[in-house]
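*Asks:* So that we are looking at the same thing, I have put the structure below in structure tokens.
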Amino acid sequence: MMSNLFSTFDPSTSIFNLSLNWTSTFIGLLIIPSLFWLTPSRINIMWNKLNLTLHNEFKTLLGPKSFNGTTFIFISIFIMMLFNNFMGLFPYIFTSTSHLALTFAIALPMWLSFMLFGWINHTNHMFAHLVPQGTPPALMSFMVLIETISNIIRPGTLAVRLAANMIAGHLLLTLLGNTGPMIGFNLISILIIGQMMLLILESAVAMIQAYVFSILSTLYSSEVY
């Protein structure tokens with residue numbers, strides 16, 4: 001039963017023997033407002049306000065020592081995750097962010113680049129991060145081990161957090177949807193209301209998880225300066 005349930009998330013769409021599942025990752029590009037108009041539209045104004053708000057938020061977290069333009073990396077990740085999370089809520093669209101193949105492929109290179117930059121350019125600062133301030137001398141070796149392990153598992157926790165949260169809501173929607181043909185007519189209205197409330201909840205989760213992924217990536221990068 002569980003294998004059949006999780007098989008709903010397996011890539012299965014193919015046209016002319018070409019797997020088109022992962023193309024849903026790029027559907028969000030069609031929603032980005034174009035800049036062809038001399039006078040910006042309301043969508044353009046909202047888009048610019050969103051980018052400016054995220055820029056100020058990430059700039060504060062990165063600190064004054066960060067390089068110019070660093071925030072655009074995390075803004076791009078947020079927008080990509082947000083579009084992919086929302087695309088997965090539409091019927092018959094492959095949810096790419098519910099797969100570790102995508103989330104881990106984004107989290108691991110980012111974490112590796114932060115670690116390489118920090119250890120090569122700010123070695124003493126990275127060593128100082130392994131021992132929190134005020135740690136008793138007897139616990140220093142133990143704290144170094146704990147901090148090292150917590151640092152190593154960061155890309156895994158980033159990837160699993162996003163994928164697990166996305167797949168959990170979709171599983172619940174799938175389970176409730178599969179019970180529709182087996183219940184009476186009087187309970188159908190309750191089921192539909194429940195599905196609508198879950199869909200609203202999943203929309204909030206899609207935004208929150210994209211924000212959490214980008215914020216945690218920003219915090220991890222701010223520690224290497």
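*Asks:* Placing +1 at every Lys and Arg Cβ and -1 at every Asp and Glu Cβ, with all other atoms neutral, what dipole size does the chain have around its Cα centre, in debye to the nearest 20?
*Replies:* So the dipole magnitude of the chain works out to roughly 340 debye.
*Asks:* Looking at T179, N124, I93, which one has the Cα that reaches farthest to the positive end of the dipole of the chain (charges on Cβ: Lys, Arg +1; Asp, Glu -1)?
*Replies:* N124
*Asks:* Work out how much length F142 to F90 would gain on full extension: take 0.36 nm times their residue separation and subtract the Cα-Cα distance, in nm to one decimal.
*Replies:* 13.9 nm
*Asks:* Using a ≥ b ≥ c from the Cα gyration tensor of the stretch 119-217 (square roots of the eigenvalues), is it rounded, prolate or oblate, where a/c under 1.5 gives rounded and otherwise the larger of a/b and b/c decides, a/b for prolate?
*Replies:* Values: a/c = 4.45, a/b = 3.42, b/c = 1.30.
Note, shape of the stretch 119-217 comes out prolate.
*Asks:* Pulled fully out, how much extra length does the chain show between I32 and H122, if you take 0.36 nm times their separation in residues and subtract their Cα-Cα distance? Spell out each step's value before the answer.
*Replies:* On the way: separation 90, 0.36 × 90 = 32.40 nm, distance 3.78 nm.
Going from the current span to full extension adds 28.6 nm.
*Asks:* What is the list of residues in the stretch 66-95 whose amide nitrogen lies under 18 Å from a point 7 angstrom out from the Cα of I192, following Cα to Cβ?
*Replies:* 91
*Asks:* Order of S66, S221, S141, S41 from fewest to most other C-beta atoms within 10 Å?
*Replies:* Values: S66 16, S221 22, S141 9, S41 12.
Listed from fewest to most nearby Cβ atoms, that is S141, S41, S66, S221.
*Asks:* Which of [x] 21.5, 69; [y] 30.8, 100; [z] 27.9, 105 is the computed Rg and Dmax of the Cα atoms in Å for the structure on display?
*Replies:* Looking at Rg and Dmax of the Cα atoms in Å for this model, the match is [x].
*Asks:* A follow-up question, please. Could you give each residue of the stretch 71-80 its phi-based ³J(HN,Hα) in whole Hz, using Karplus coefficients 6.51, -1.76, 1.60 with θ = phi - 60°, and x for Gly or Pro?
*Replies:* For the stretch 71-80, the Karplus curve yields 5, 5, 4, 6, 5, 5, 5, 4, 5, 5 Hz.
*Asks:* Filter the chymotrypsin sites (Phe, Trp or Tyr not before Pro) in the stretch 62-99 down to the DSSP loop ones having no more than 15 other Cβ atoms within 10 Å, then list what survives.
*Replies:* Details: sites: F67, F72, F74, F78, F83, F86, Y92, F94; in loops: F67, Y92, F94.
Within the stretch 62-99, the qualifying chymotrypsin sites (Phe, Trp or Tyr not before Pro) (loop, at most 15 other Cβ atoms within 10 Å) are F67, Y92.
*Asks:* Same structure again: Got a sec to turn the phi values of the stretch 84-101 into Karplus ³J(HN,Hα) couplings, 6.51 cos²θ - 1.76 cosθ + 1.60 with θ = phi - 60°, whole Hz, x for Gly and Pro?
*Replies:* Listing the rounded values in order: 5, 5, 6, 4, x, 7, 7, x, 6, 10, 5, 8, 6, 6, 8, 10, 5, 4 Hz.
*Asks:* Here's something else I'd like to know. So for the pair T60, L199, with labels modelled 7 Å out along Cα→Cβ, what separation do we get in nm?
*Replies:* In this crude label model, T60 to L199 measures out at 3.5 nm.
*Asks:* Provide the per-residue ³J(HN,Hα) series for the stretch 106-116, in order, calculated from phi with Karplus coefficients 6.51, -1.76, 1.60 and θ = phi - 60°, each as a whole number of Hz, with x at glycine and proline positions.
*Replies:* So the Karplus estimates, Gly and Pro as x, are 8, 5, 5, x, 5, 5, 4, 5, 4, 5, 5 Hz.
We did not get these values from a lab; they are worked out from the coordinates using the rules stated. Computed from a predicted structure; not experimentally measured. Methodologically, a virtual Cβ is constructed for each residue, glycine included, from the backbone with ideal geometry; neighbour enumeration extends over all protein chains shown.
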